[in-house]
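What follows draws every value from the coordinates through simple rules; no lab data is involved. From a predicted model like this one, the values you see are computed outputs, not experimental measurements. No Cβ is skipped: glycine too gets one built from the backbone with ideal geometry, and neighbour counts run over all protein chains shown.
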Amino acid sequence: MLLQFNFKNFKSFRDDTTLDLTATKISEYNNHVVAIGKEKVLPVAAIFGANASGKSNVQEAFRYMATYVVRSFAYGGDKSRKDKSDFMAPIPFLFDEKSKNLVSSFEVYFIDSEENDAKSYNYGFTIGGDGIDEEWLNYRSKSSRGDYKRIFYRNKSENVLNLSGIAQKSQDNIKIALEKEVLVVSLGAKLKIAKLKFVRDWFINNEIADFGSPTENYFLSEQLPDGFINNKEVQKKVVQYFAAFDPSIVDFEVETLVFEQNDADEIKLVRIDAVHKMMDSDKTTTIPLRLESAGTLKMFALYRLLQGVLGNGSILFVDELNARLHPLLVRTFVIIFLDPDLNKNHAQLIFTSHDSWQLNSNLLRRDEVWFTEKSEDGVSTLYSLADFVDEGGAKIRRDENHAKNYLLGKYGAIPTLKHFDMFEGE
């Protein structure tokens with residue numbers, strides 16, 4: 001489970017920023033809290049804020065880190081080749097001269113399951129336009145009372161590469177192959193060094209979905225759940241899932257269409273029809289799945305993501321979870337992660353939303369609610385409702401009407417509204 005995500009100097013977030021999923025000492029909904037090792041962790045974090053306040057950039061920072069960890073092995077290359085590398089430099093805060101020339105930093109703290117001894121890990125790196133500036137990996141055992149122990153540390157400016165927590169033979173291989181754009185974790189995973197592959201795989205198992213992007217939204221709707229094409233039991237589970245919001249879908253018909261090309265190659269396409277019951281008889285009729293509503297297609301896309309993270313006990317990061325979905329459906333989706341009987345492997349949901357209805361105090365703890373706000377200088381900040389202090393110096397009570405107070409501006413993170421007068425006089 002993710003304990004904490006820290007980042008700095010990425011897009012609209014200039015300063016140190018922390019998304020903390022460890023539980024604070026508040027009393028509500030103790031059944032939400034997952035105890036692993038010495039940690040008490042939350043399964044959900046909901047991020048609210050005005051348009052352009054930075055909500056999506058929190059997800060983009062995590063996506064950037066995950067993508068770089070998974071792909072960076074391919075980023076190093078021969079400078080003489082034009083296609084030497086797919087190196088992906090981060091986008092720093094661009095609205096002051098100092099920040100635009102500084103490195104960006106990304107760091108996670110996460111904990112493994114009790115079955116794997118509940119070890120905690122701290123991994124991070126700093127990166128600029130010229131590659132990796134610093135990288136580190138530390139761990140702490142369940143029984144440890146002290147600080148994290150080092151697995152490796154790397155610092156370009158100090159010319160340091162300390163691989164003391166890695167076997168000597170593997171150290172030699174890393175030193176030979178490591179390039180400035182490549183992460184030690186990514187290279188180590190390719191070299192089948194178990195403790196480094198474990199960290200790389202932790203990022204691979206997480207899912208990130210941006211339903212605010214039309215292109216990504218379409219791509220996600222085209223992805224099928226594992227086993228859906230050939231396994232009727234998987235199709236039945238999807239029908240049961242749909243029954244929570246659209247009981248008219250009673251089955252699916254799946255057909256694989258094969259087209260020959262150039263007498264040798266074959267192109268395979270899958271046609272999926274949703275089977276609906278008819279209102280005036282016991283008969284059924286079919287509708288191509290692609291013609292179903294946008295909300296139904298989104299829920300179909302979310303099923304595959306749920307299937308993965310619930311099985312792995314990993315993270316689902318969703319931008320604009322509420323888009324095209326009724327508030328009650330969003331609530332039902334969130335409850336999947338809050339219910340320990342449904343979420344047996346302690347998967348986590350981090351989502352952004354404009355739907356203040358989800359702020360009602362009968363769903364989320366105060367430390368599961370986060371806000372983003374952007375200053376007049378374009379600097380975004382991220383803060384928790386549990387840590388928010390009002391003008392009188394008092395913290396927010398659990399029995400307040402959080403949705404109402406948010407819309408009234410008590411917690412900040414809402415748009416500054418003015419009349420649309422640009423057409424006046426036309």
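Identify, among Asn205, Met279, Asn138, the residue whose Cα sits farthest towards the positive end of the charge dipole of the chain, taking +1 on the Cβ of Lys and Arg and -1 on the Cβ of Asp and Glu, with the dipole about the Cα centre.
Farthest towards the positive end: Asn138.
In terms of modelled amide H atoms, which long-range or inter-chain residues lie less than 5 Å from the amide H of Val270?
Amide H neighbours of Val270, under 5 Å, 5+ apart: Leu257.
Where in the chain are the DSSP H helices whose C-alpha atoms run 18 Å or more along the long axis and whose mean Kyte hydropathy is at least 0.0?
Values: long enough: 55-71 (24 Å, -0.39); 294-312 (28 Å, 0.68).
Within the chain the helices that satisfy the rule are 294-312.
HN-Hα J couplings of segment 142-153 from phi, Karplus 6.51/-1.76/1.60, θ = phi - 60°, integer Hz, Gly and Pro as x?
Going residue by residue, I get 4, 8, 6, 9, x, 6, 5, 9, 7, 9, 7, 8 Hz, with x marking Gly and Pro.
So which of Lys192/Lys268; Lys232/Lys344; Lys149/Lys374; Lys38/Lys410 end up more than 26 Å apart, counting from Cα to Cα? Intermediate results must be reported in sequence, preceding the final value.
Details: Lys192/Lys268 34 Å; Lys232/Lys344 24 Å; Lys149/Lys374 37 Å; Lys38/Lys410 35 Å.
Violating the 26 Å limit, Cα to Cα: Lys192/Lys268; Lys149/Lys374; Lys38/Lys410.
How do the peptides 380-393, 52-65 rank, highest first, by the average count of neighbouring beta carbon atoms within 10 Å per residue? Mind dumping the intermediate values first?
Values: 380-393: 15.5, 52-65: 22.8.
Per-residue mean Cβ counts within 10 Å order the peptides as 52-65, 380-393.
Assuming R0 = 41 Å, what is the FRET efficiency of Asp341 and Val258, from their Cβ-Cβ distance, to the nearest 0.05?
On the way: r = 42 Å, r/R0 = 1.04.
Efficiency computed from Cβ-Cβ geometry: 0.45.
Name the residues whose placed amide hydrogens come within less than 5 Å of the amide hydrogen of Leu3, ignoring near sequence neighbours (fewer than 5 apart) on the same chain.
Tyr109, Phe110, Ile111
What number, in percent, do you get for the relative contact order of segment 297-412 if the mean sequence gap of Cα pairs under 8 Å and at least 6 apart is divided by its residue count?
Working: 131 pairs, mean separation 24.0, N = 116.
Reported as a whole number, the value is 21 percent.
Pairs of Cα atoms under 8 Å, at least six residues apart: use those to get the relative contact order of the chain, whole percent.
On the way: 768 pairs, mean separation 80.7, N = 426.
In percent, rounded to a whole number, it is 19.
Label-point separation (nm) for Phe245 and Ile91, each offset 7 Å from Cα along Cα-to-Cβ?
2.9 nm
What relative contact order, as a whole-number percentage, does segment 224-299 give when Cα pairs under 8 Å and 6 or more residues apart are counted?
Details: 89 pairs, mean separation 15.5, N = 76.
Here the relative contact order equals 20 percent.
Give me the aspartates and glutamates in straight-line cross-link reach of Lys197: C-alpha distance below 16 Å, same-chain residues under 8 apart excluded.
Answer for Lys197, where 16 Å is the Cα cut-off: Asp112, Glu135, listed by chain and number.
Using the Cα centre as the reference, give the magnitude of the dipole from point charges on the C-beta atoms of the chain (Lys, Arg: +1; Asp, Glu: -1; all else neutral), rounded to the nearest 20 debye.
On the way: 53 positive and 62 negative charges, 315 e Å.
About 1520 debye.
Any of Lys40/Lys404; Lys55/Lys190; Lys142/Lys169; Lys236/Lys277; Lys142/Lys195 with alpha carbons more than 23 Å apart? Name them for me. If you can, show how the numbers build up before the last one.
On the way: Lys40/Lys404 29 Å; Lys55/Lys190 33 Å; Lys142/Lys169 28 Å; Lys236/Lys277 15 Å; Lys142/Lys195 16 Å.
Check vs 23 Å cut-off fails for Lys40/Lys404; Lys55/Lys190; Lys142/Lys169.
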